[in-house]
Amino acid sequence: MASIELKSVEKWFGEVQVIKGVDLTINEGEFVIFVGPSGCGKSTLLRMIAGLEETSRGQIIIDGRDATAEPPSKRGLAMVFQSYALYPHMSVRDNVGFPLKSAGVPKEEIDAKVAEAARVLKLDPYLDRRPKDLSGGQRQRVAIGRSIVRDPTAFLFDEPLSNLDASLRVEMRYEIAKLHQTLNASMIYVTHDQVEAMTLADRIVVLEFGKIAQVGTPRELYDSPANLFVAQFIGSPK
Ligand code: ADP
Ligand code: MG
């Protein structure tokens with residue numbers, strides 16, 4: 001479990017500022033969801049936390065250490081990509097074990113980690129299949145499995161369910177909630193889907209044009225939206 005602190009974080013692409021001074025503390029084990037309309041900076045902020053995007057100004061503190069300049073591999077976080085990022089020519093077993101294999105981990109250790117991930121994600125029956133022979137939900141679980149094997153202290157998800165159909169989305173939402181309980185890891189999850197945010201989050205961060213419009217529990221945001229933007233986004237009656 002990691003705590004992640006953002007201090008006056010800014011992102012500039014050339015002359016254009018897309019993240020405009022974000023201060024936020026994500027507590028150990030917390031499930032935090034970033035919501036907001038397309039283009040408001042959700043992915044950019046998540047990629048900065050992951051280290052995939054440079055931070056222009058401000059600091060990213062992970063477990064008390066300044067991680068702002070650390071490469072992704074040093075941060076101990078797992079970025080879960082959408083399921084289409086799987087290797088089509090590899091079995092499920094090899095897809096899940098791939099990050100360990102590329103890190104030079106011994107085979108016995110890889111097998112043990114893959115078995116553990118398969119147990120948690122109920123992937124045992126599919127280990128020898130190729131991604132094309134799996135359902136969308138199963139593929140998504142493989143994508144999650146690939147990040148679990150590295151024992152991350154936090155998971156970062158960028159719209160992991162957006163390319164699944166409606167019923168699978170509901171199923172996977174439930175799977176992710178269970179995963180959070182089982183792994184007891186901190187999770188930061190980006191979505192533009194209010195229902196996902198309201199059902200999964202401990203706290204929701206509403207982003208508006210690169211700034212935090214409001215942070216609170218789903219209940220707080222629903223009952224006391226800070227402004228009309230939040231109210232309309234969350235769908236509260238005000
Ligand atoms: P969201 O994930 O909320 O839809 P993004 O973080 O992807 O938003 O994008 C935020 C803003 O930053 C958008 O205006 C987008 O066009 C811009 N942006 C994102 N990545 C780049 C980039 N590599 N270069 C220039 N502008 C970018
Ligand atoms: Mg995005």
Relative pair counts by distance (%), Cα atoms of the range 85-219, 5 Å bins:
2, 10, 19, 20, 19, 13, 8, 6, 3, 0
Go through the range 128-141 residue by residue and turn each phi into a ³J(HN,Hα) via Karplus (6.51, -1.76, 1.60, θ = phi - 60°); whole Hz please, and just put x for glycine and proline.
9, 7, 8, x, 5, 9, 10, 6, x, x, 5, 4, 5, 5
Asp165 versus Asn27: modelled label distance in nm, points set 7 Å from Cα along the beta carbon direction:
4.0 nm
Among Lys211, Lys101, Lys42, which one shows the highest mean-square fluctuation when the chain is modelled as a Gaussian network with alpha-carbon springs under 10 Å?
Lys101
Only helical DSSP H runs with n ≥ 4 go in: add -39500 (n - 2.57) per run for the chain, normalise by residue count and round the 222 nm mean residue ellipticity to 500 deg cm²/dmol.
-11000 deg cm²/dmol
Taking the chain as a Gaussian network, where each spring joins two C-alpha atoms under 10 Å apart, which residue of Thr25, Thr55, Thr44 fluctuates the most?
Thr25
Rounded to 10°, Cα long-axis angle of helix 166-183 versus longest principal axis of the chain
80 degrees
Let me check I have the definition right: for the range 43-164, take the eigenvalues of the Cα gyration tensor, multiply each by 5, take square roots. What are those semi-axes in whole Å, largest first?
27, 17, 11
Which residue, Ile19, Ile176, Ile33, tops the fluctuation ranking in a GNM of the chain built on C-alpha contacts under 10 Å?
Ile176
Mind jotting down a quarter of the surface of the convex hull over the alpha carbons of the chain, in square nanometres, one decimal?
13.1 nm²
How many angstrom lie between the Cα centre of the range 2-25 and the Cα centre of the range 165-232?
19 Å
Any chance you could list P(r) for the range 1-101, counting all Cα-Cα pairs in 5 angstrom bins from zero, rounded to whole %?
2, 11, 20, 22, 17, 13, 9, 5, 1
Charge dipole of the chain built from unit charges on the beta carbon (Lys, Arg +1; Asp, Glu -1), centred at mean Cα; most positive-end Cα among Pro218, Thr182, Gln17 is Thr182
Return the Rg/Rh ratio of the range 137-181 with Cα-based radii and a Kirkwood Rh.
0.95
In the range 54-135, which GluC sites (Glu not before Pro) fall in coil by DSSP and have 11 or fewer other Cβ atoms within 10 Å?
Glu54
At 7 Å along the Cα-to-beta-carbon direction for both Ser56 and Asp128, put a label point, then send me their distance in nm to one decimal.
5.3 nm
Given 0.36 nm per residue, what is the gain on full extension from Val120 to Ser236 after removing their alpha carbon distance, in nm?
38.2 nm
What are the ³J(HN,Hα) values, in whole Hz, obtained from phi via the Karplus relation 6.51 cos²θ - 1.76 cosθ + 1.60 with θ = phi - 60°, for each residue of the range 34-43 in sequence order, with x given for Gly and Pro?
8, 10, x, x, 4, x, 7, x, 4, 5
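Where a number appears in this text, it was derived from the coordinates with a stated rule and is not lab data. Small disclaimer: the values here were computed from a predicted structure and weren't measured. So basically every Cβ, Gly included, is an ideal-geometry build from the backbone, and we count neighbours across all protein chains shown.
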